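Before any comments, here is the structure.
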Amino acid sequence: MGLPLTTKALSKEDYEPLIDKIRTRMLSWTNKSLSYAGRLQLLNSVISSITHYGFPGFNIIFCIIFHSGMFGKTTGSWIWRKLLKLCPLAYQFIRVEVGNGEKAFFWHDDWLRIRKLIELTGATGTRYLGIVRSARVCDAVAQGQWRVRGQRRRHFQDLHAKIQAEPVPNQCMGEDRFLWRHETEVYKDSYSASRTWEQLRRKKEEVNWSSSVWFKQGVPRFAFIVLLAIQNRLSTGDRMRQWRIQQGCVLCGERDKTRDHLFFACPYSYTVWDRVVGKLMGRRINPDWSDMLRYIRNGAANLKNQVLISLLFQVVVYHIWRERNLRRNQQGQKGTELMISTINKTVKNRISSLGYEADHRLEGLLRRWFEVFD
Ligand SMILES: [Zn+2]
């Protein structure tokens with residue numbers, strides 16, 4: 001990164017090469033419009049370079065921002081603001097192990113494993129404890145002892161006692177170490193994006209329809225449309241109405257087009273749906289979306305039927321949604337027969353591409369498809 005390797009505190013000039021590099025990187029990135037993945041990548045790259053060089057917590061980010069004048073009109077500023085917002089979040093992941101106390105900031109790094117001291121005491125704390133705001137931990141030591149005031153102030157007694165109980169920093173203990181949390185109570189001196197993400201993401205209960213969307217034999221491109229349909233996030237009539245756009249069904253001419261009409265109350269869709277799953281579902285087939293979803297989740301008699309029904313559901317939803325969009329752009333005019341044969345072809349191709357061998361429990365899936373579709 002072009003920084004001098006030194007244990008002493010770095011001056012503003014020492015940061016210049018780093019600032020230049022980050023600025024260049026920011027500008028080149030922001031020239032393109034960043035995708036969501038791109039932004040993540042950027043955050044990861046900045047965070048890992050910062051933690052890699054053992055900077056004093058995230059204070060460095062503030063230094064860089066203010067010294068480089070990026071806060072303002074440059075194109076990178078929005079990213080910096082986003083990064084700044086992440087600082088409190090990042091702090092939860094950082095632990096400081098004090099050695100000689102020369103790197104860790106007394107007030108701004110969580111070296112007592114309780115919180116940043118400045119947050120505990122407020123700004124007046126610096127006066128009562130007699131430690132200046134910019135002090136490092138080693139500045140609170142003199143002649144091998146903690147030199148911290150405040151023991152007589154009721155508010156600060158606990159804090160005072162806690163500091164006194166800490167080992168006094170000295171040179172034999174080596175440098176301060178900044179550690180990154182990898183999991184609960186496991187800290188390492190490296191940053192891991194995936195570990196951090198694991199801790200950050202809220203582990204949601206698995207939604208009960210997930211097996212109808214994500215399954216091995218499915219096609220991701222189709223699954224995505226099904227996912228949107230289940231969440232009712234496709235731009236069908238019921239959503240467009242919010243924007244006062246009148247939209248009829250392009251498949252059958254029905255005036256009010258909703259998700260539930262399109263799948264599968266619409267005569268066009270129902271005809272298709274009935275032809276492809278009729279034999280598999282028998283009398284259970286009906287045009288109601290929620291009923292269908294419930295059946296697809298756990299209605300099939302055996303594994304092969306289950307896989308076929310789930311796959312057909314994906315394929316039908318996908319192709320009907322596609323046909324609907326083509327027709328809206330005056331490009332589609334597939335009749336139901338042509339639609340059914342497209343679906344048949346898609347299903348055959350998908351099953352063949354899975355290549356199940358003789359000892360696989362889904363061997364014969366294609367044969368089963370020929371049985372139920374004629
Ligand atoms: Zn319709």
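Give me the distance in nm between label points sitting 7 Å out from Cα along the Cα-to-Cβ direction at residue 166 and residue 338, one decimal.
Spacing of the two 7 Å Cα→Cβ label points: 7.5 nm.
Take every Cα pair under 8 Å in the range 124-219 that's 6+ residues apart, average their separations, divide by the length, and report that relative contact order as a whole percent.
Relative CO of the range 124-219 lands at 14 percent.
Pairs of alpha-carbon atoms within less than 8 angstrom and 6+ residues apart define the contacts here; what relative contact order does the range 210-372 have, in percent?
Relative CO of the range 210-372 lands at 23 percent.
Expressed in nm to one decimal, what extension gain is obtained for the pair residue 302 and residue 177 from 0.36 nm per residue of sequence separation less their Cα-Cα distance?
The span from residue 302 to residue 177 would gain 39.2 nm if fully extended.
Strictly over 22 Å apart at the Cα level, which of 304/334; 257/348; 116/188; 216/334; 216/257 would you flag in this model?
Violating the 22 Å limit, Cα to Cα: 304/334; 257/348; 216/334; 216/257.
Mind checking the dipole of the range 210-372: about its Cα centre, +1 per Lys or Arg Cβ, -1 per Asp or Glu Cβ, Debye to the nearest 20?
300 debye
Work out how much length residue 92 to residue 186 would gain on full extension: take 0.36 nm times their residue separation and subtract the Cα-Cα distance, in nm to one decimal.
Once the chain is fully extended between residue 92 and residue 186, it gains 32.6 nm.
What does the charge dipole of the range 97-200 about its Cα centre add up to, to the nearest 20 debye, if the Cβ of each Lys and Arg holds +1 and the Cβ of each Asp and Glu holds -1?
Once rounded to the nearest 20, the dipole reads 620 debye.
Only the coordinates and a few stated rules stand behind these numbers; no lab work does. Note that the structure is predicted; figures quoted are calculated from it, not measured. Here the Cβ is made from the backbone with ideal geometry for all residues, glycine too, and neighbour counts use every protein chain on show.
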